[in-house]
Amino acid sequence: MLSKEEIQHIALLARIGVKEDEIAGYQKDLSAVLDFFRELETAVVDETLSVGHITGLTDVTREDRAEDFGASGRAMILKNVPEQKDGFVKVKSVF
């Protein structure tokens, strides 16, 4: 079982206030959680495959390449921007 000092230290690290009358409850509850983790450590997992998810799907990627839209495609894109200057999209400065 966790000591009173350990509970106070954990509460300090978690930035939560613990009253004196709450310490006994935290000792019981946190000790039960830690006992469960000790029980999990005994599980045999030598032959278990690690998986990131159960669906079996993998990432689908495409080649990153530029596509030329030509002059007409560029004009169609630029007609949708709110402001342009010299054939470029004009945006507000960040700084």
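The values are calculated or read from the model by the stated rules, or taken from the named source; none is laboratory data. Small disclaimer: the values here were computed from a predicted structure and weren't measured. Quick reminder, even Gly has a Cβ in these numbers, built from the backbone with ideal geometry, and neighbours come from all protein chains shown. When the accessible area is computed, the model is the full protein with side chains, heavy atoms only, and any ligands, DNA or RNA have been set aside. Shrake-Rupley method; radii C 1.70, N 1.55, O 1.52, S 1.80 Å.
Only Cα pairs under 8 Å and 6+ residues apart enter the sum, and on that basis the relative contact order of the chain stands at 17 percent. Only protein atoms count toward the accessible area here, which uses a 1.4 Å probe; on region 11-95, the carbon and sulfur part of that area reaches 57 percent.
From the residues Ile23, Leu57, Val91, which one has its Cα farthest along the dipole of the chain in the positive direction, the dipole being from +1 and -1 charges on Cβ of Lys/Arg and Asp/Glu about the Cα centre? Toward the positive end, the furthest listed residue is Val91. Taking square-rooted eigenvalues a ≥ b ≥ c of the alpha carbon gyration tensor, is the chain rounded, prolate or oblate, where a/c under 1.5 means rounded and, failing that, a/b exceeding b/c means prolate? Oblate shape, in that a/c is at least 1.5 and b/c is the bigger or equal ratio. Taking each residue as 0.36 nm, the span from Asp68 to Val44 lengthens on full extension beyond its C-alpha to C-alpha distance by 3.0 nm.
Within the straight-line cut-off of under 19 Å between alpha carbons, the lysines reachable from Lys19 are Lys4, Lys28, sequence neighbours fewer than 8 places apart in one chain being disregarded. In region 49-95, the C-alpha radius of gyration followed by the widest Cα-Cα span (Dmax) gives 20.0, 58 angstrom. Among the trypsin sites (Lys or Arg not before Pro) in region 22-95, those placed in a DSSP loop whose Cβ has at most 15 other Cβ atoms within 10 Å are Arg62, Arg65, Lys79, Lys90, Lys92. Per residue, the solvent-accessible area of the chain (1.4 Å probe, heavy atoms of protein chains only, all protein chains present) comes to 99 Å².
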